[in-house]
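Computed from the coordinates by the stated procedures, all read-outs in this text should not be read as laboratory data. No experiment lies behind these values; they were computed from the predicted model shown. Cβ atoms come from the backbone with ideal geometry, glycine included; neighbour counts cover every protein chain shown.
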Amino acid sequence: MTGSDSAGSTGRTPTTDEFIKGLWRENPVFVQVLGMCPVLAVSNSAINALAMGLATTFVIVLSNTLVSTLRNFIPKQVRIATFILIIATFVTVVDYLIQAISLDIHRALGAFISLIVVNCLILGRAEAFASRNGVGRSILDGLGMGVGFTFALLCLGGVREILGNGTLFGAAVFPSGFQPWIVMILPSGGFFTLALWLLLFNRLRARQAHRQATLAEAAP
Amino acid sequence: MSDDSLWSIFLNASLINNFVLAYFLGICPFLGVSGKLETATRMGGAVCFVMLVSSVSAYGIHQFLLAINAPYLQLISYIVVIASTVQLVEMFIKKMSPTLFRALGIFLPLITTNCAILGLALFQTNKGYNLLQSVVYALGAGVGFTLALILMAGIREKLELATVPEIVQGTAITLMIAGILSLSFMGFAGLGA
């Protein structure tokens, strides 16, 4: 639907691909390793992870939209500063929005909502994608990246909450005799869990590459 | 709330609640620049300086915003101040020491998106520190950041001589080391109190 207004660079790929690539192939956390700070800091429970993921998705979609709309008016020399200002505006909006919806979540996430401003993922998408592509594509790209980011946060938050607290979204998972692994809730648990997820992704990618190599060999 | 002694603020920011290992702030440079001991030290110095300057400016801005009753401008004005401080430091280093400028390279402008600095400005505002306390807090945070960076760089330099399974190489092993470092920093928890 937006193939005609894309301003050049990646005009060939089908539009749905802009959405799907963020989910798996270019997943911001597991593949690009971007935006680590909030990923590690707020993933100690699944509900926090979900709230953070949704807030980030909101900001990334809106900032992609605005950056892409204004892309022909922003002078090259001050583009990064302009992007940061646009992002900071939307983060302020989201900060007050969360405060209005649920004070508990706002307290649990603390300063990390404001820190969405310096999430390199959002600035990265604005610079690498939205400033070079049409509005429709940019929205889809932002949505895909946001959902992929939320998915990764949930992966971490789920594992850490189940092992560290014996619950998922506050509901008990294990029978009452379960001894929680306190270390998973502590900061170091975040590092370990993320390292293990990265290992899993490395393994999957290595196996895929291996399979493609054997297929290429088998073919005459 | 803000009557903590200066020494306990310093200890708190540098060791007990280390910005990198307990608050997860500034993970990107922590993973990116910690390959070599020398760059890690210089990066730590630059971050320390930017932290000090932006802490003082953030204090001033907060007072001003309180005076004109516009707290919603906080985030936007903080990020602008940090970005301009980094720009200033960049110009200053370029003029005074071109060698250091070349050594730091791309990481200098990237300090803007270092969440440790914005985090510092936000935390000191939330905790209601006065000017002196803010400066000490910034100093502690900077020292803590540099310490974590140097520890990590030391371990990674040694690691280059060890055999690491191919699949664990790169970010995964760095994160595991960070996890162990973070565990050992938990031992400082009893220090402040």
Query raised in the report: Which ³J(HN,Hα) values, rounded to whole Hz and listed in residue order, are derived for region A:95-103 from phi using the Karplus coefficients 6.51, -1.76 and 1.60 in 6.51 cos²θ - 1.76 cosθ + 1.60 with θ = phi - 60°, glycine and proline given as x?
Result: 4, 5, 4, 5, 4, 6, 7, 8, 5
Query raised in the report: Of all the C-alpha pairs in chain A, what % are more than 25 Å from each other?
Result: 47
Report task. Principal axes first, then extents: for the Cα atoms of the protein assembly as shown, list largest minus smallest coordinate on each axis, whole Å, largest first. Result -> 73, 59, 51
Report summary line: Here region B:29-36 yields Karplus 3J(HN,Hα) values (6.51, -1.76, 1.60; θ = phi - 60°; whole Hz; Gly and Pro given as x) of x, 4, 7, x, 9, 8, x, 10
Report summary line: Between the modelled labels at A:Asp17 and A:Leu200 (7 Å from Cα along Cα→Cβ) the distance in nm is 2.8
Report task. Take B:Met91, A:Met184 and order them by how many other Cβ atoms sit within 10 Å, fewest up front. Result -> B:Met91, A:Met184
Query raised in the report: Given +1 on the Cβ of Lys and Arg, -1 on the Cβ of Asp and Glu, and no further charges, what dipole in debye does the protein assembly as shown carry about its Cα centre, rounded to the nearest 20?
Result: 740
Query raised in the report: Once amide H atoms are placed 1.01 Å from N in the peptide plane, what residues at a sequence separation of 5 or more from A:Leu168, or on another chain, have their amide H within under 5 Å of its amide H?
Result: A:Val173
Query raised in the report: Counting other C-beta atoms within 10 Å, which of A:Cys155, B:Cys48, B:Cys115 has the fewest, and how do the rest follow?
Result: B:Cys48, A:Cys155, B:Cys115
**Report entry** chain B - mean residue ellipticity at 222 nm from DSSP helices (-39,500 (n - 2.57) per run, n ≥ 4, rounded to 500)
**Finding:** -23000 deg cm²/dmol
**Report entry** Net charge over other residues, Cβ less than 11 angstrom from the Cβ of A:Ala46 (K, R count +1; D, E count -1)
**Finding:** 0
Query - Pairwise Cα inverse-distance average, inverted: Kirkwood Rh of region B:6-185 (Å) - result: 17.0
Query - Spatial separation of Cα centroids for region B:15-49 and region A:88-149, in angstrom - result: 25
Query raised in the report: At a Förster distance of 41 Å, what's the computed FRET efficiency of B:Ile180 paired with A:Glu26, Cβ-Cβ distance as r, to 0.05?
Result: 0.85
**Report entry** Helical mean residue ellipticity (222 nm; -39500 (n - 2.57) per DSSP H run of 4+; nearest 500) of chain A
**Finding:** -21500 deg cm²/dmol
Report summary line: Spelling it out for B:Gly26: with amide H atoms placed in the peptide plane at 1.01 Å from N, the residues 5 or more places away or on another chain with amide H under 5 Å from its amide H are B:Cys115, B:Ala116
Report task. Would you kindly derive the ³J(HN,Hα) couplings of region A:38-44 from the backbone phi angles with the Karplus curve 6.51 cos²θ - 1.76 cosθ + 1.60 (θ = phi - 60°), listing them in order in whole Hz, with x for Gly and Pro? Result -> x, 4, 6, 6, 9, 8, 7
